[in-house]
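The values are calculated or read from the model by the stated rules, or taken from the named source; none is laboratory data. Since the structure is predicted, the reported quantities are computational estimates derived from the model, not experimental observations. With ideal geometry, Cβ positions are generated from the backbone for all residues, glycine too; neighbour counts draw on all protein chains shown. Remember, those area values only see protein heavy atoms, side chains included, never the ligands or the DNA or RNA. Shrake-Rupley method; radii C 1.70, N 1.55, O 1.52, S 1.80 Å.
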Amino acid sequence: MGKTSDAALITRVGVQRLIEVLTARGYQVIGPTVRNGAIGYDAIAGIGDFPVGWTDEQDGGHYRLRRRDDAAFFGYAVGPHSWKRYLHPPRLRLWRAQRSGDEMRIIDEDDEPPRYAFIGVRACELNAIAIQDKVFLGGPYVDPHYRSRREAIFTVAVNCAVAGGTCFCASMGTGPKVEAGFDLALTEIVHDGEHRFLVEPGTDFGAQVLAELPYRPAPPADIDTARAIVERTAQSMGREMPATDVPALLRRNLEHSRWDDVAERCLTCGNCTMVCPTCFCTSVEDETDLSGTMATRTRRWDSCFTMDFSYIHGGSVRSSTRARYRQWMTHKLSTWVEQFGTSGCVGCGRCISWCPVGIDITEEVRVLHEDECDGDDS
Amino acid sequence: MRLSMPSDPMRPAPTRVLTRRREVADTWTLELEPGGTAERPFAPGQFNMLYVFGVGEIPISLSGDPASPHRQVHTVRAVGPVSRALAALGPDAAVGVRGPFGQGWPVEAAAGADVVLIAGGLGLAPLRPALYYILSRRARYGRVVLLYGARSPGDILFRRELERWRRRTDLEVRVTVDHAGSDWLGRVGVATNLVPLASFDPGDTVAFVCGPEVMMRFAVAALREAGVDTAAIYLSMERNMKCAIGHCGHCQFGPTFVCKDGPVLSFERIRGLLSRKEI
């Protein structure tokens, strides 16, 4: 977190200038924008591309855009996209192979990795990026595609001024206040006077970029206001993960009847895995051109909800819906901790909102937890 | 076009088939050049990812002698699109190789103890390098036992080698088949039935087991029945794998990634999962 004395105040013009400065420095600026009735992430040319005056209404299996009564840039929670679609692209050509006779040659991808500046990264999303760092950079093998994108990003974080109906970062310890992993952090102050943004640099580079913007030192009153905004957000979370040792709870309940109950509702569509900012699983596709001399290997996002995912000779290891939902949830909340030293969940609530039948990961944990508590009482 | 990115663990090294030999009806042994290097050293129980041009890539255990890392020996059963294409490759055919990957059999830690190897079907292939390793350092081990079960006499892998091993006085080899015609003079039944017949000191034995999961569960039960400590039992697990480096997520077995934490895992590590369905 930047030192309080470094905090600056910029206006909407300053945010516009920030986009221009980053663009001039060679970044492809990515930020929130309204697409297909939702707030997604895409290339941003100026502040006019932001979801100005929009917010999102979220609940289990429910997402709607609503008009706000102001012109806030960041007055929403999170949409279906997460930054993983830029750092860990949904489809990525890994290499091609050329064959002539009995010879085979591997042709590496020579594209320069893109340099992204992300604007509007929430605390939960910063934590999600830190989690994917552990997956792709923290083990004995490093994913060079992820690393080249990751190392080049410039991150403009935003402290959440509203909590969505499915948000539960406060109970996961992953928000709503951004703590680390950003170059600049914004807090949007949309009421009580001029529309303005408190800016706190998180890196020296962030401070350099800030110096190029029209800013003024932040008055103490605005620093207090910004703090109050985030505190209010923390108090208005739409969901809450039960305060218990969730990894151990799930380890104890691998055969609980609740998994059958979830299986009655789950469509195994995989939406939760696609919108999750930490789900990292992929598959590979191999194809050849019509001449049969050039083959392509493509990596694409995969989901543990498909039958193919666990297929070995003889059949799928996890063929029942019960087993596939259990795999996803126990991985996310329990075995992830053993694998990477952190939960795989950041409390963003996307899996709840974008589940077509509104399955709620916090509710599933609560049922298991309360069932154990009831057992203790009797 | 940029030169190869050697740091990319997903990039195969192009190489070629040296020899191809039919083992049994649907199973072939391919010997490959190491690919891009003079030697590709491996530990018994490790595997490579083998890529067939335009068809796909699958994990295949190394089945050759770890003392000969200039030859990458793989025994492949032709059951899926990639394994069928792989098994059909003749000498000089191009193939891509990544590896070796994974944790192998604890052959060093087993020194001094009796070693019991239990194989079911193609499970003999990943165990063969361990046996080569042990036999080349025979004096360092106690009694060594190989118990092998195949579906039928016609499905017995490495038959001539098994005959040679049977003639050794410092190795106990027992073979059984699930079903056989009247011309089969050997045992009929599952491999785990061989455990009570074998001579080893259960209090000082390390067991390596590889075969279908159900067979391995029974093998563990038979070993425990014989008095072998569960901490001395190791299994080689099979799961779907796309990357072999812990990034694709497919091979998860509870908290373990079979590709990088295994494929050889101690029974102690997975005992809570092995008895559950669909983990």
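Among B:30, A:37, A:195, which residue has its Cα furthest toward the positive end of the charge dipole of the protein assembly as shown, with +1 on Lys/Arg Cβ and -1 on Asp/Glu Cβ?
After comparing all options, I get B:30.
Roughly how much of residue A:27 is accessible, in Å² to the nearest 10, using a 1.4 Å probe?
20
Might you work out the accessible area of residue B:158 for me, using a 1.4 Å probe with all protein chains in place, and round it to the nearest 10 Å²?
Its accessible surface works out to 10 Å², give or take rounding.
Regarding region A:1-80, what is the average projected area of its C-alpha convex hull, in nm²?
Projected area, direction-averaged: 6.9 nm².
Mind listing the phi-derived Karplus ³J(HN,Hα) values for region A:245-254, rounded to whole Hz, using 6.51, -1.76 and 1.60 with θ = phi - 60°, and x for any glycine or proline?
With the stated coefficients, region A:245-254 comes to 6, 4, x, 5, 4, 5, 4, 6, 10, 5 Hz.
Which whole-number percent gives the relative contact order of chain A, counting Cα pairs below 8 Å spaced six or more residues apart?
Details: 751 pairs, mean separation 83.3, N = 378.
Averaging sequence separation for qualifying contacts and normalising by length gives 22 percent for chain A.
Once Lys and Arg get +1 and Asp and Glu get -1 on their Cβ, which of A:291, A:346, A:274 lies farthest toward the positive end of the dipole of region A:228-378?
A:291
Would you please classify the overall shape of the protein assembly as shown from the alpha carbon gyration tensor, given that a ≥ b ≥ c denote the square roots of the eigenvalues, rounded means a/c under 1.5, and beyond that prolate means a/b larger than b/c while oblate covers the rest?
Numbers: a/c = 2.63, a/b = 1.84, b/c = 1.43.
Prolate.
Taking the Cα centre as origin and putting +1 on Lys and Arg beta-carbons and -1 on Asp and Glu beta-carbons, what dipole magnitude results for region B:150-205, to the nearest 20 debye?
On the way: 9 positive and 9 negative charges, 50 e Å.
Using only the charged Cβ atoms, the result is roughly 240 debye.
Give the lysines reachable from residue A:134 as a straight Cα distance under 17 Å; neighbours fewer than 8 places away on the same chain don't count.
A:84, A:332, B:260
Quick check on region A:246-377: what does the Kirkwood estimate of hydrodynamic radius come out to from the alpha carbon pairs, in Å?
Kirkwood radius, region A:246-377: 16.3 Å.
For region A:9-96, what is the accessible area per residue in Å², given a 1.4 Å probe and the full set of protein chains? Working shown, then result.
Working: 3400 Å² over 88 residues.
Roughly 39 Å² per residue, with all protein chains present.
About its Cα centre, how strong a charge dipole does region B:1-157 have in debye, to the nearest 20, once Lys and Arg get +1 and Asp and Glu get -1 at the Cβ?
Details: 17 positive and 12 negative charges, 18 e Å.
In total the dipole reaches around 80 debye.
How would B:62, B:185 rank on accessible area, largest to smallest, probe 1.4 Å?
On the way: B:62 0, B:185 165 Å².
Correct descending sequence by accessible area is B:185, B:62.
Rank these residues by their accessible area, most exposed first, probe 1.4 Å: A:116, A:215, B:148.
Working: A:116 25, A:215 115, B:148 0 Å².
The residues order as A:215, A:116, B:148, largest area first.
Straight-line reach only, C-alpha to C-alpha below 13 angstrom: list the aspartates and glutamates that residue B:277 could link to, leaving out same-chain residues fewer than 8 apart.
A:255, B:213
Return the average number of partner chain Cβ atoms within 10 angstrom of each residue Cβ along peptide B:52-61.
Other-chain Cβ atoms within 10 Å of each residue's Cβ, averaged: 4.
Given axes a ≥ b ≥ c from the Cα gyration tensor, I'd like to know whether chain A is rounded (a/c under 1.5), prolate (a/b larger than b/c) or oblate.
Values: a/c = 2.03, a/b = 1.17, b/c = 1.74.
Verdict is oblate for chain A.
Could you tell me, in Å, what Rg and Dmax come out for the Cα atoms of region B:1-107?
Cα only, region B:1-107: 13.2, 44 Å (Rg, Dmax).
Kindly provide the helix-only [θ] at 222 nm of the protein assembly as shown, computed as the sum of -39,500 (n - 2.57) over DSSP H runs of four or more divided by all residues, to the nearest 500 deg cm²/dmol? Don't skip to the answer; put the middle values down first.
On the way: 19 runs with 175 residues, N = 657.
Rounded to the nearest 500, it is -7500 deg cm²/dmol.
Give me the percent of DSSP beta bridges within chain B that run antiparallel, rounded to the nearest 5.
Working: 32 of 56 bridges.
Given both bridge residues lie in chain B, the antiparallel proportion sits at roughly 55 percent.
Provide a whole-number value for the mean count of partner chain Cβ atoms within 10 Å of the Cβ atoms in peptide A:95-108. Please report the intermediate quantities before stating the final value.
Numbers: counts 7, 0, 7, 2, 4, 1, 2, 8, 4, 12, 4, 10, 3, 7.
Mean partner shielding for this stretch: 5.
For region B:13-101, what's the relative contact order in percent, using C-alpha pairs closer than 8 Å and at least 6 residues apart?
On the way: 209 pairs, mean separation 35.5, N = 89.
Relative CO of region B:13-101 lands at 40 percent.
Taking a ≥ b ≥ c as the square roots of the eigenvalues of the Cα gyration tensor of region B:92-230, is the shape rounded (a/c under 1.5), prolate (a/b larger than b/c) or oblate?
Values: a/c = 1.38, a/b = 1.00, b/c = 1.38.
Rounded, since a/c falls under 1.5.
If the chain between residue A:371 and residue A:137 were fully stretched, how many nm would it gain, using 0.36 nm times the residue separation less the Cα-Cα distance?
Numbers: separation 234, 0.36 × 234 = 84.24 nm, distance 3.85 nm.
Between residue A:371 and residue A:137, full extension yields an extra 80.4 nm.
Compute the convex hull volume of the Cα atoms of region A:120-189, divide it by the residue count, and report the result per residue in Å³ as a whole number.
95
Within 10 Å, count the other beta carbons around each residue, average over each peptide in A:224-231, B:254-261, B:125-132, and list them highest first.
Details: A:224-231: 16.6, B:254-261: 22.2, B:125-132: 24.6.
For the peptides A:224-231, B:254-261, B:125-132, the packing ranking is B:125-132, B:254-261, A:224-231.
Using the Cα centre of region A:246-377 as the reference point, and only Cβ charges (+1 on K/R, -1 on D/E), how large is the resulting charge dipole? Debye, rounded to the nearest 20. Don't skip to the end; give the middle numbers.
On the way: 14 positive and 20 negative charges, 91 e Å.
That gives region A:246-377 a dipole magnitude of about 440 debye.
Just want the answer: with Cβ charges of +1 for Lys and Arg and -1 for Asp and Glu, which residue in B:216, B:120, B:185 is farthest toward the dipole's positive end in region B:114-236?
Farthest towards the positive pole: B:185.
Which length gain, in nm to one decimal place, applies between residue A:208 and residue A:171 when the Cα-Cα distance is subtracted from 0.36 nm times their residue separation? Don't skip to the end; give the middle numbers.
Details: separation 37, 0.36 × 37 = 13.32 nm, distance 3.44 nm.
Net length gain for the segment: 9.9 nm.
What does the highest-first list of B:231-241, A:139-149, A:121-131 look like by mean Cβ count within 10 Å?
Details: B:231-241: 22.1, A:139-149: 17.8, A:121-131: 25.2.
Peptide ranking by packing, descending: A:121-131, B:231-241, A:139-149.
Please give the average number of partner chain Cβ atoms lying within 10 Å of the Cβ of each residue in A:249-256, rounded to a whole number.
Details: counts 0, 0, 3, 0, 0, 5, 2, 0.
Other-chain Cβ atoms within 10 Å of each residue's Cβ, averaged: 1.
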